[in-house]
Structure formats: C-alpha cells, structure tokens
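Structure first, then comments.
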Amino acid sequence: IQKSFVMMKPDAVQRRLMGKILSRFEEKGLQIVAVKLMQINEDLAKTHYGEHADKPFFGSLIEYITSSPSLAMVIEGEEAISTIRKLVGATNPLEADLGTIRGDFAMDTGRNIIHASDSPDSAEREINLFFNEDEICDYEIVDNKLIYE
Ligand code: GTP
Ligand code: MG
C-alpha cells in the first residue's frame, strides 16, 4: 500500500471543483487519509516546487499556488502514486487524455488545477512537508474487501 500527496490548486478551489475531483479518487477505490484546506505561503510553495526554481515559469507558479487556498491531501491505495498520476493526466491539460482530471477540467499548463507526487521519494518528502504524522488517519474502509481480491 502506497501513500501519495495530492493537492487541489487554488483554481480548483475557486472553481468549486473540490467535490467532483475528490469523487474521482473515491470512485476509483482509493482511500482519503488526510485532507486540509490551507493558504500556502511563499516559503512553503518555493520548497514544494524547489526542483523548478531555475525554470522561467517559477515566479508565476509560486504566485498561482499562493494566490488563494489549496486543498492538500494524502491518498492511499495499491500503487497509489502512479495510479493517481494517471487519473490526473498530463501536465499540459490540452495534451491530457479526456477522462483524466486535467483533460476534463482544465485548458492551460499554468492553471492545471491539481498536483500529485511523481515518485515514492517525492511522495514521502511532500507528505512530510504538508502534514504532521498525527494528521494522517490510519483506518480500514470496510468495502476494501470488495475493491481488492
Ligand atoms: P505538479 O503535479 O504540479 O508537480 O505537475 P507535473 O508534475 O505534471 O508538472 P511539473 O512538476 O513539471 O511542473 C509543476 C507545475 O509547474 C505544473 O503543474 C504547472 O502548474 C507548472 N508548469 C510546468 N511547466 C510550465 C510551463 O511551461 N508554463 C507554466 N506557466 N507553468 C508550468
Ligand atoms: Mg511535478
């Protein structure tokens, strides 16, 4: 079982898409183990997206992510990290397959509504960056018996 860090960005919250997007993960059979609506400050945004510090879009990315609250989440399941990346779709929403979250709800790379960890290392780093251990719930969902063989 893996955990991934997922975050609905300010445009998803502003566009009132939180419920619809959360449903995608629940309907797939993944398990929500932490959720926090939070205003991300500049320091946290820069640490989270540190790998992009040298990119030309870094300034506008930080401005976007800090513009309004985001919904930070930890989501659990078998192969959760790669499964969630598939559900999220390509970085550029115009290249994202229809049926994916970005493919269905977004038009622009700079407004692509959601973030998801891209590897086990980044998942661990990002979960620890956004959540304390006691904010992550360890629980058994009864219908896991129907979701997994
Ligand atoms: P995240 O899940 O948000 O990390 O997206 P990703 O892993 O699909 O893409 P990546 O890590 O390469 O880029 C991080 C974020 O920076 C993207 O989600 C976009 O919001 C933004 N970004 C990436 N490339 C561009 C770009 O060329 N122009 C602009 N404006 N933003 C970009
Ligand atoms: Mg990324």
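The values are calculated or read from the model by the stated rules, or taken from the named source; none is laboratory data. Quick caveat: nothing in here was measured; it's all calculated off a predicted structure. Note that we place each Cβ from the backbone using ideal geometry, even for glycine, and neighbour counts take in every protein chain shown.
Check ASN144, ASN128, ASN112, ASN132 and return the single one that is polar (S, T, N, Q), closer than 15 Å to ALA12 by Cβ and either more than 15 Å from ligand 2 (Cβ to nearest atom) or within 13 Å of the chain's Cα centre (by Cα) (or both).
Within the list ASN144, ASN128, ASN112, ASN132, the selection yields ASN112.
Restricting the search to region 66-83, which residues are more than 12 Å from ligand 2 (Cβ to nearest atom) and either in contact with a Gly (Cβ under 8 Å, 6 or more places away or on another chain) or of a type outside the set (Gly, Ala, Ser) (or both)?
THR66, PRO69, LEU71, MET73, VAL74, ILE75, GLU76, GLY77, GLU78, GLU79, THR83
I'm checking my understanding of the structure. Among residues of region 81-114 that are of a type in the set (Asp, Glu) and more than 25 Å from THR66 (Cβ to Cβ), which one is surrounded by the most Cβ atoms within 10 Å (Cβ to Cβ)?
Among them, the one singled out is ASP104.
May I ask you to list the residues in region 89-116 that are free of Cβ contacts under 8 Å to residues at least 40 places away in the same chain, within 26 Å of LEU146 (Cα to Cα) and not hydroxyl-bearing (Ser, Thr, Tyr)?
Within region 89-116, just GLY99 meets the criteria.
Between a first residue in region 1-20 that is farther than 17 Å from ASP108 by Cβ and in a helix (DSSP H, G or I) and a second residue that is at pLDDT 95 or above and within 16 Å of ligand 2 (Cβ to nearest atom), which pairs have beta carbons less than 6 Å apart while being 6 or more apart in sequence or on different chains?
From residues that are farther than 17 Å from ASP108 by Cβ and in a helix (DSSP H, G or I), the pairs are MET18/MET8.
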